[in-house]
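Read through the structure below, which is laid out as structure tokens, and then see the notes.
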Amino acid sequence: MSGSIAALPHRHRTHGQAIAAEARWVRLLLIATALGFLGLLLVAPIATVFVSAFAKGVGPYLAALSDPEALSAIRLTLLTAAIVVPLNLVFGVAAAWLISSYDFGGKSLLTTLIDLPFSVSPVISGLVFVLLFGAHGWLGPFLMDHDLRVIFAVPGIVLATTFVTFPLVAREVLAVMLAQGKDEEEAALTLGANGLQILFRVTLPKVRWGVLYGVILCNARAMGEFGAVSVVSGHVRGETNTMPLHIEILYNEYSFVGAFAVASLLALLSLVTLVVKKAAEWAVRVDRAGDGAATVLSGPPLPVKAQGAEP
């Protein structure tokens, strides 16, 4: 009996070591699987883009980027992003503030409509704008009578890109507003602040990181959008081709160096966006740590004993 009892710790220790060894094995397998997928689906394609872009040297690479059609595509992509991001910023903040601060009829419907572009194919989104503003669309005759062009022009590209990207800022800001609550806004209201003062002095500083996340995501999607823009642009070279459309045209024409050169620039912009996003996340952690330290340092003062009081 005593021998069996003495043997229990040894068996327990052996079983624990087996569990630890199995856990290490499983952990290593999961890490290897994750790294394999990342290498196969992320690192390898990006590396292929840059290797193919410089396959014939730096000269052809720079020549492809300095081509007038490539420069036009780059300008149009940046112009579209410069218009779409501020529009979505204003709409996203306004929609998030409305949904988080007020109760009204149709609130759930508004929330559903904000999520609509997530469930609609970008190609279908572009087709909707063609049916609205095209030559044979509902508003086409009116636009033609007034010599206004929407489809196969910059306004159509901006409209299509705005549609597919407008949930990004609204969703990010709304999530932060709902998590923060309305206590500070209500306190400011009781102190006599008006709506604009509450928005710019209380709400926006409180959700600034959510706003920044939404802007970063919206900018990345606006520069890389292909489906909706492909439908409404008309593929007019040098006029309505954005960078993704220009890459497709060059690739279909077997101009691989030019296609991968422009693709490398677009990938570089995406990597810069990712770096900015990680920097923002780091700033959020630092900011929250600072807020926590400030809360501890600004807590209630310790009680001071009166002179002559008993210890």
Quiz item: How large is the helix-only mean residue ellipticity at 222 nm for the chain, computed as the sum of -39500 (n - 2.57) over DSSP H runs with n ≥ 4, divided by its residue count, in deg cm²/dmol to the nearest 500?
Solution: -25000 deg cm²/dmol
Self-check item: Relative packing of 98-105, 64-71, which averages over residues the other C-beta atoms within 10 Å, highest first
Solution: 64-71, 98-105
Self-check item: DSSP H segments from the chain that extend 15 Å or more along their own axis, Cα-based, with Kyte-Doolittle mean of 0.5 or above
Solution: 68-101, 122-133, 154-180, 208-224, 256-297
Exercise. In nm, give the distance between the simple-model label positions of ASN194 and LEU71, each being 7 Å from the Cα along the Cα-to-Cβ direction.
Key: 4.9 nm
Self-check item: Gaussian network model of the chain, Cα within-10 Å springs - most flexible of LEU217, LEU29, LEU109
Solution: LEU29
Practice problem: Take the alpha-carbon centre of segment 107-128, take the same for segment 35-77, and report the distance between them in whole Å. | Solution: 32 Å
Practice problem: Can you grab the distance from the C-alpha centre of segment 166-181 to the C-alpha centre of segment 213-284, Å, no decimals? | Solution: 25 Å
Quiz item: Of LYS107/LYS277; LYS107/LYS278; LYS107/LYS182; LYS56/LYS277, which ones are farther than 29 Å apart at the Cα?
Solution: LYS107/LYS277; LYS107/LYS278; LYS56/LYS277
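Each value in this text was obtained by applying a stated rule to the coordinates, not by laboratory testing. Note that the coordinates shown come from a computational prediction; the quantities given were computed from them, not determined experimentally. Here the Cβ is made from the backbone with ideal geometry for all residues, glycine too, and neighbour counts use every protein chain on show.
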